[in-house]
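All remarks here apply to the structure that follows.
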Amino acid sequence: MPNYQELIAQRDELNQRIDEARRTEVAEAIRRVKGIIQEYDLTAAQCGFGAGAAGTQKTRTPVKAKYITPDKTVTWSGRGKLPNVFKALVEAGHRMEHFLLNK
């Protein structure tokens, strides 16, 4: 049975072989893909790499506030966790309808 150091050496050798196999296979895949792109005269957008492709994010516009505290310092859209200030007001007997911005 091999000892610890021998197993580490085997692992390192295997990792090198794995890396080399991956580099070789990736190079071959790239060569094939480039050939197909050239053969069919494809564009990046047609392949899904243009605007709106996966990985690109649109900027999200903030949600408008729906509720506001009586002192007008804290707003809440009504989404997500209820802010502590609203929670305290509700526990004190107020109703959320009292804090609506557009009544």
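The values are calculated or read from the model by the stated rules, or taken from the named source; none is laboratory data. Because the structure is predicted, anything quoted here is derived from the model rather than measured. A quick note on method: Cβ atoms are made from the backbone with ideal geometry, for glycine too, and the neighbour counts reach across all protein chains shown.
Per-structure values
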| item | result |
| --- | --- |
| Where residue 44 falls short, out of the listed (1) surrounded by 11 or more Cβ atoms within 10 Å (Cβ to Cβ); (2) modelled with pLDDT of 95 or more | (2) |
| Residue identified as touching a residue at least 12 places away in the same chain (Cβ under 8 Å) and more than 30 Å from the chain's Cα centre (by Cα) among 89, 14, 7 | 89 |
| Flag if residue 68 is modelled with pLDDT under 95, over 30 Å from residue 100 (Cβ atoms) and surrounded by 10 or more Cβ atoms within 10 Å (Cβ to Cβ) | no |
| Yes/no for residue 9 being modelled with pLDDT of 95 or more, surrounded by 11 or more Cβ atoms within 10 Å (Cβ to Cβ) and assigned to a helix (DSSP H, G or I) | yes |
| Some residue of the range 39-46 being in a helix (DSSP H, G or I) and out of contact with any strand residue (DSSP E or B) (no Cβ under 7 Å at 6 or more places or on another chain) | yes |
| Per-region count, the range 71-103, residues of a type in the set (A, V, I, L, M, F, W, C) and surrounded by fewer than 10 Cβ atoms within 10 Å (Cβ to Cβ) | 1 |
